[in-house]
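Everything on this sheet refers to the single structure shown next.
The values are calculated or read from the model by the stated rules, or taken from the named source; none is laboratory data. Please read all numbers here as calculations on a predicted model, not as lab measurements. Neighbour counts are summed over all protein chains in view; Cβ atoms, including those assigned to glycine, are modelled from backbone coordinates with ideal geometry.
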């Protein structure tokens, strides 16, 4: 188990406390990247278990679109061509009060080298009906909602 995962349960409450003191609300983005075979891109972090769509927090002075483009490049080496398409918006207040997550779909992209060093354990492409067992429940739901055209659930 990577050392970051062992520290994550201790550091997460500290991060959330700091985030709450600095920000009244937090905003995150995730990128639903789809390849020519209909597979979706997922990442596994070094600091917490499970597979996720690439993404992260929107930084001060950054639009949500800029944030998802930056995060995709940093974490997975995805260079977005054109504009990402907003698919859904979700409240994550059950896990982290004041947090919201936006999902963007990216169909036009090219692969480059990720710029993030040390944060990503693995990157993988998966068929939507064959996602890894340890994909997070919310990630699984958001992928299936977006690709099947279902009404997105408002809660993450």
**Q.** Scope the stretch 59-86; condition touching a helix residue (DSSP H, G or I) at 6+ places or on another chain (Cβ under 7 Å) and buried (at least 18 other Cβ atoms within 10 Å of the Cβ); matching residues
**A.** 78, 80, 84
(Q) If I ask for residues that are in a loop (DSSP other than H, G, I, E, B) and more than 26 Å from residue 4 (Cα to Cα), which ones from the stretch 100-130 would you list? (A) 107, 108, 127
Q. So residue 48 clears everything in (1) closer than 21 Å to residue 131 by Cα; (2) in contact with a helix residue (DSSP H, G or I) (Cβ under 7 Å, 6 or more places away or on another chain); (3) at pLDDT 95 or above except one condition, right? Which one?
A. (3)
Q. Out of curiosity, is residue 49 touching a strand residue (DSSP E or B) at 6+ places or on another chain (Cβ under 8 Å) and more than 12 Å from residue 31 (Cα to Cα)?
A. no
**Q.** Selection count where residues are modelled with pLDDT of 80 or more and part of a loop (DSSP other than H, G, I, E, B), scope the stretch 1-38
**A.** 4
Q: Under 8 Å between Cβ atoms, at least 6 apart or on separate chains: pull out the pairs that start in the stretch 7-18 with a residue that is at positive phi and without any contact (Cβ under 8 Å) to a residue 40 or more places away in the chain and end on any residue that is surrounded by 12 or more Cβ atoms within 10 Å (Cβ to Cβ) and part of a helix (DSSP H, G or I).
A: none
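Residue-wise test of (1) under 13 Å from the mean Cα position of the chain (by Cα); (2) in a loop (DSSP other than H, G, I, E, B); (3) on the phi > 0 side of the Ramachandran plot.
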{"position": "79", "(1), (2), (3)": "no, no, no"}
{"position": "94", "(1), (2), (3)": "no, yes, no"}
{"position": "97", "(1), (2), (3)": "no, yes, no"}
{"position": "132", "(1), (2), (3)": "no, yes, no"}
{"position": "139", "(1), (2), (3)": "yes, no, no"}
